[in-house]
Amino acid sequence: MTGLRACPFCREMFEANEAQTCPACGLRLEALTKLPPSYEALHEDPDEPIPPDMQPLPWAYAGRGRGLLLALAALGLAAFFAPWVHETAPELRDLSGFGLARRLGWMWAPAVAFFVMIPLVLTRRSIHRMRGARVAVAFLAAVALTAVAMRLLFAPASTLLRPVRFTWGYGLYATGAIALIALITAAVFGGKRDDLPTEQPRRRGEVLH
């Protein structure tokens, strides 16, 4: 087949040394491998349509948890710069998540998790890819939630020589709440596939393969 030449119009085939032009059409023969599929071939073997769950959606699509996760990630970054600690001893000061992270390296975890979540969710433009990113998004939300829980559980201890008095700020609680909502939303990110136009609805108890 690689040595055959064909007419671009009628697709009659010739050996490489048999002719240079088509005797019926008068067109110059081309290598068969360089010609696009004929009209008949396209109708006999048409391209498979893209499944509805793999079709790309607009960049601004906000359904199926995509818009909510992007909003939560942005709010999580904003909450990172809100007051997390109101300290009255040994110093009188307010510390945000950013201020704590400058003193404790692991406190950068919520900011990094929410920052990475934005491009991760934004680039998922099909239902198939959204569903495939559920574990990754849930992991990032769990990282932020774990960092907040660790900060609440392991508070600085007060001693006789160095008394420590403080209260937690709204930024810490807001970060925890945002991370928890993001974790729940990640479990349903992308929604179901059986509510698409070309999908048959599942019966109760039926497993989707």
Label-point separation, A74 to L161 (7 Å along Cα→Cβ), nm: 5.0
For the stretch 67-136, the Rg and Dmax computed from alpha carbons only, in angstrom: 15.7, 53
Förster radius 41 Å - calculated FRET efficiency between C10 and H128 (Cβ-Cβ, nearest 0.05): 0.45
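Laboratory data are not the source of any read-out in this text; all were calculated from the coordinates shown. A quick note: this is a predicted structure, and the numbers were derived from the prediction, not measured. Cβ coordinates were reconstructed from backbone atoms using ideal geometry, including for glycine residues, and neighbour counts include every protein chain displayed.
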